[in-house]
Amino acid sequence: MISLWMEQVSHYPVRPSLQHDLDVDVVIIGAGFTGLWTAYYLNQAQPELSIAILEAKQVGYGASGRNGGWLMGEIAGADDLLRPLAKEDRLASHHLIHDIPDEVARVCAHENIQCDLRKGGVLYCASRYPEQVENIHKQLAQHKQDDYSDDDFRWLNETQLQQQLKMDKAKGALYSPHVATIQPAKLAKGLAQVLEQKGVQIFENTPVKTWQSGQVTTAEHSVNAQWVVPAVEAYGSLLKPMDKYQLAVHSMIIATEPLSEEMWQSIGLDKGQAFSESSRLVSYGQRSADNRLVFGARGGYNFGGRLRPDVTLTEKEMAVRLYLMQECFPQLKDVKITHAWGGNLALPRRFHPHMLCDRKNRIALSGGYVGEGVGATNLAGRTLADLILNKDTLHTRQPWVLNNKPLSALRQWEPEPLRWITYKATNLMLIYEDKVLADLSSPKWKRKLVSKLCDILEGFLS
């Protein structure tokens, strides 16, 4: 099983693979959100362009069909990049990012794509221990320093939170309206259908073997193009030299059986809200359109950044997610888990996305979304389209854009075994921190010490 989402769209027909050599204006490697959105905005700007997408498996097979269904008006690491800018420029960038869910909604309405999109915002909850309240208030203070308003982020007290979400032990939440929930595989499949109707060619079961300036090759055929767009995210680990710059890590998610309306009244989430419990184990969830609770938590890493093709959760991986879900919602203790899956996503060394255009070699690429790619890919598609068409726009002037730069402008990851050792040490420390903080009898000195050590580890990684 790929995921709950992909199971629900399994009735879509399989497209043929590439059967002949091809000459096009733009060839895109990968039919996930980055590739699909790039093709969409290129076609919108210049419908006469010939565009081909080569997909190794099927549309949405990678992270685009395996995520938690959060369509975020946020970009990982954006605040650090925007902080040095003038206030006027920073606010313009804030608006650009926050508008992502609305832009996707506009496209879906215009193109009649049904993907269960509901913009109910997100609740970053302070729940299992008091440090979560402190951390959220620190985040809120930083947001105010970065010129966000109460319309962007605001504190909800316990009573206000209960009106939206009844998470056990929750003391409040940081609320932002700039997040929607979706069925991501429906968005990917719907977008692909729209592209084909507009003349974009999509070839499934067509893995790319090599790529270079002006040409992409498969096992039997080649595609010559004016522009090459590798849109492969974590699967860049299979395409040299991209394996040096994007590290494959794994998300892990479970979904319950459809819950009764009585059960949902005990939980909330009646307006399409996303939610997260604010520990470093990064738990997150949403209520699906068919009334399941979809719940994920911090993922994993294989030595050497090896991919997990179809992720079957181990007993231990299942147990962690069940524990966190039932800590948040004890009433789900006896509920059946019908789906469990994982996906590969890309972690860049600078821990923020990159949108790069090598004009000399006519290569454009984007990736490194750090698990927030459902929304970020839409912005990436608009940005890559503008870069390819040599437009000077607000999209192309953002600090995460590397215009007229080679692939080597990205920072490389350290070699193994350093990555593996660091990951294992960090993961063990974060699990230990959560155990200490969740035990309210832990002494104050111990709580402070373990949190400080985790701060140091996270700082070392960045």
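Every number here is computed from the coordinates shown, using simple stated rules; none is lab data. The shown structure was predicted, so the numbers you read here are calculated from the model rather than taken from an experiment. Positions of Cβ are backbone-derived with ideal geometry, glycine not excepted, and every protein chain shown enters the neighbour counts.
What would the Debye equation give as log₁₀ I(q)/I(0) for the chain at q = 0.10, 0.11, 0.13 Å⁻¹, counting only Cα atoms as equal point scatterers?
-0.71, -0.87, -1.24
Can you report the principal axis dimensions of region 418-461 using only the alpha carbons, biggest first, rounded to whole angstrom?
35, 15, 9
Taking the Cβ of Pro184 as the centre, find all other residues whose Cβ is under 14 Å away and add up their charges (Lys, Arg: +1; Asp, Glu: -1).
After counting each charged neighbour, the total is 0.
Among His95, Tyr129, Gly69, pick out the residue whose Cα is farthest towards the positive end of the charge dipole of region 1-154, where Lys and Arg carry +1 and Asp and Glu carry -1 on C-beta, about the Cα centre.
Tyr129
Gap in Å between the Cα centre of region 309-327 and the Cα centre of region 205-246?
33
Taking only C-alpha pairs under 8 Å that are 6+ residues apart, what is the relative contact order of region 305-462 in percent?
18
Two decimals is fine: what's Rg over Rh for region 209-291, C-alpha atoms, Kirkwood radius as Rh?
1.23
Suppose only helical runs count, i.e. DSSP H with n ≥ 4. What mean residue ellipticity at 222 nm does that imply for the chain under -39500 (n - 2.57) per run, divided by all residues and rounded to the nearest 500 deg cm²/dmol? Write down the numbers at each step before the final one.
Numbers: 13 runs with 155 residues, N = 462.
Computed ellipticity for the chain at 222 nm equals -10500 deg cm²/dmol.
How much of the DSSP beta bridge set in the chain is antiparallel, as a percent to the nearest 5?
Percentage antiparallel, nearest 5: 70.
Might you report the magnitude of the Cβ-based charge dipole of the chain about its Cα centre, with Lys and Arg at +1 and Asp and Glu at -1, to the nearest 20 debye?
1080
Hey, if you put +1 on the Cβ of every Lys and Arg and -1 on every Asp and Glu Cβ in the chain, which of Gly459, His178, Leu307 ends up farthest toward the positive end of that dipole?
Looking along the dipole axis, the top candidate is Gly459.
Among Trp413, Leu428, Leu384, which residue has its Cα positioned farthest towards the positive end of the charge dipole of region 381-442, with +1 placed on the Cβ of Lys and Arg, -1 on the Cβ of Asp and Glu, and the dipole taken about the Cα centre?
Positive-end residue among those listed: Leu384.
From the cross-link list Lys209/Lys424; Lys424/Lys452; Lys171/Lys452; Lys198/Lys271; Lys119/Lys186; Lys171/Lys271, which pairs have alpha carbons spaced over 28 Å apart?
Lys209/Lys424; Lys198/Lys271
Could you sort the peptides 112-124, 172-184 by per-residue average Cβ neighbour count (10 Å cutoff), highest mean leading?
Per-residue mean Cβ counts within 10 Å order the peptides as 172-184, 112-124.
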